[in-house]
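Worksheet: one structure, shown below.
The values are calculated or read from the model by the stated rules, or taken from the named source; none is laboratory data. This is a predicted model, so every value here is computed, not measured. In this analysis, Cβ positions are derived from the backbone assuming ideal geometry, glycine residues included, and neighbour counts consider all displayed protein chains. Keep in mind that these areas ignore ligands, DNA and RNA; they rest on the heavy atoms of the full protein, side chains included. Shrake-Rupley method; radii C 1.70, N 1.55, O 1.52, S 1.80 Å.
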Amino acid sequence: MMDGGARVSAIRITQHVTAGQPLSRAGMEEIQIADTGIDYLPWAQHASYAQRLARVTLLPGTLLTTQMTATANEELIPGKARVGLALKPGQSPAELQRGQRVQIISLPRQDTGAHNSAVLAPSALVDAVSEPGTGGSSRLVNVIVDAALSPRIAAYASNGQIVLTYLPAAH
């Protein structure tokens, strides 16, 4: 104990977490710190914060505060839209999870002979993912994108002309 000062239990991040990625219980540890009045999150809340996303990139050793985290729904603000996609096998990574960032790419129609694809959204947040169905059936993926992009993404998705690519954390 330092000079008889009060100590509090706080959450310390132990693994690199890129902004937009989910926090995990495995990536947190309890640490005793001096009670300085700074609003560090208490260890007693670690389980509920393990369900949240990093609002900023978190480096190992960071003491977690409320302002460093967000829920996926907090990204759904004015100017953003949630778009539902029904994707067949091969149109999204098998390991796709909520909280990941993806690039949304349009595919050319097969019957036109065109070969051009285009990036429709350079970085979309995955808000929900259903388990892939059996027998090659589609899985449902909700993504949060700029509202201005949503009509075009929905149009391509309705024709099965969408592919999602995973954007791994930059290290």
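Among residues of segment 59-87 being within 14 Å of the chain's Cα centre (by Cα), under 23 Å from Q103 (Cβ atoms) and assigned to a strand (DSSP E or B), the one that is modelled with the lowest pLDDT is A70.
Which of the residues that make up segment 27-48 are of a type in the set (G, A, S), at pLDDT 85 or above and open to solvent by 50 Å² or more (accessible area, probe 1.4 Å)? Listed by number, the residues that qualify are A44, S48.
Among the conditions (1) closer than 30 Å to L149 by Cβ; (2) open to solvent by 40 Å² or more (accessible area, probe 1.4 Å); (3) touching a residue at least 24 places away in the same chain (Cβ under 8 Å), the only one that G20 does not satisfy is (2). Within segment 9-26, the residues that satisfy the criterion of being at pLDDT below 90 and among the β-branched types (V, I, T) are V17, T18.
Of the listed requirements (1) in contact with a strand residue (DSSP E or B) (Cβ under 6 Å, 6 or more places away or on another chain); (2) open to solvent by 70 Å² or more (accessible area, probe 1.4 Å); (3) closer than 22 Å to L167 by Cβ, Q51 misses just one: (1). For segment 1-57, filtering for residues that are of a type outside the set (G, A, S), part of a loop (DSSP other than H, G, I, E, B) and more than 26 Å from the chain's Cα centre (by Cα) leaves 6.
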